[in-house]
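Everything below concerns the one structure shown next.
Since every read-out is calculated from the coordinates, none of them should be taken as a lab result. Just so you know, these numbers come straight off a predicted model, no measurement behind them. Please note: Cβ atoms are built from the backbone with ideal geometry, for glycine as well, and neighbour counts cover all protein chains shown.
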Amino acid sequence: MKTDPFAFDIIAPDFIPSQYDNHIERRLSAMAGQYADSTALAAVLAESDPLLYQVYELRRPPVAGELLHGISIVHPGKIGDEYFMTKGHFHQVIDTAELYYCLKGRGFMVMETPEGESRVESLRPGRALYVPPRWAHRSVNASLDQDLVTFFIYPGNAGHDYGTIEQQGFRKLVVERDGNPVIIDNPRWLPPK
C-alpha cells in the first residue's frame, strides 16, 4: 500500500482509474432479497447471473485520517420494474460520512437513517452528493442505456455494514413507471424488531 503522495487518472468514457488496489464485481445472485419482485428475480437468475455493478477501490489503511476512494459503476438494467442498484450499506463506524461525485449517467442515491428518516437524491454528471454520518445509502441507475458512474470518498476506518440492509431493505424503491423513474414506498419493508 502506498504511503507517499500519489496521483491517478480517471478518464472518460469508462472512468476506470488508471490504478486501483481492489476490483469488486456484484452479480444479481449477491442481491437475494433486495428486489421487491422475487418472481422476476428468480426468472432472471434461471437464465443468467447479470453483472449489476463494479467498484474500483484505491485502498488506504483502515485508520482515522486516511481516505478510501474509488469509482462505482452501476450498469443499466431492471429486475421487474426496479432498476439495477448497489447492495447498499451503513458504515460500520456509523458516525462517518461519504461523498459522491457523479461522472456519467443518471440515477439516484437512496438513503435512510436507523431512526427512520429517508431521502432520495438525484445523480447526474457534475452533481456532488454528501451522505452524512448515520445514513445508509444505495446507488440506483435510472437509465436503461448507459452506466451510472460515481467517484466516492470516505474515511479509511469506516467499514461497511451490509447485513442491516440485507435483512430489511430500504424504505424507498426506485421503479420504472411509463418509461420514467418513480420513487415509491417499499411494500416489503418492515421496521426492525
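Note on the chain: with a GNM built from Cα contacts shorter than 10 Å, the maximum mean-square fluctuation among 147, 161, 21 falls on 21. Across q = 0.14, 0.20, 0.23 Å⁻¹, the range 1-113 modelled as identical point scatterers on its alpha-carbon atoms has Debye log10 I(q)/I(0) values of -0.72, -1.24, -1.41, in the order of the q list.
Note that the range 53-70 has calculated 3J(HN,Hα) couplings of 7, 10, 10, 10, 9, 9, 6, 10, x, x, 10, 4, x, 8, 10, 6, 7, x Hz, one per residue in order, obtained from phi through the Karplus relation 6.51 cos²θ - 1.76 cosθ + 1.60 (θ = phi - 60°); glycine and proline are x. Coupling constants for the range 130-137 follow from the phi torsions by the Karplus curve (6.51 cos²θ - 1.76 cosθ + 1.60, θ = phi - 60°), and in residue order they are 9, 9, x, x, 6, 10, 5, 8 Hz; glycine and proline get x. Spin-label pair residue 176-residue 153: with each label point 7 Å from Cα along the Cα-Cβ axis, the two points sit 3.5 nm from one another. Take the Cβ atoms of residue 29 and residue 4, set R0 to 35 Å, and the FRET efficiency comes out at 0.35. Working from label points 7 Å from Cα in the Cα-to-Cβ sense, the residue 21 to residue 63 distance is 1.2 nm. Residues whose amide H lies under 5 Å from that of residue 143, counting only those 5 or more places away or on a different chain, are 106; hydrogens are built 1.01 Å from N in the peptide plane.
Amide H contacts for residue 79 (H built 1.01 Å from N in the peptide plane; partners 5 or more residues away or on another chain; cut-off under 5 Å): 84. Phi-derived couplings, Karplus 6.51 cos²θ - 1.76 cosθ + 1.60 at θ = phi - 60°, listed residue by residue for the range 24-35: 10, 10, 10, 9, 4, 4, 7, 10, 3, x, 8, 9 Hz, with x used for Gly and Pro. Annotation for the range 9-85: trypsin sites (Lys or Arg not before Pro) lying in DSSP loop with at most 15 further Cβ atoms inside 10 Å of their Cβ are 59.
Please get the size of the charge dipole for the chain, origin at its Cα centre, with Cβ charges of +1 on Lys and Arg and -1 on Asp and Glu, quoted in debye to the nearest 20. All intermediate terms of the calculation are to be shown ahead of the outcome.
Numbers: 19 positive and 25 negative charges, 48 e Å.
That gives a dipole near 240 debye.
Percent of Cα pairs in the chain per distance bin of 10 Å, from zero to the largest separation: 9, 37, 38, 14, 2, 0.
Between residue 14 and residue 130, the contour length at 0.36 nm per residue exceeds the alpha carbon distance by 39.4 nm.
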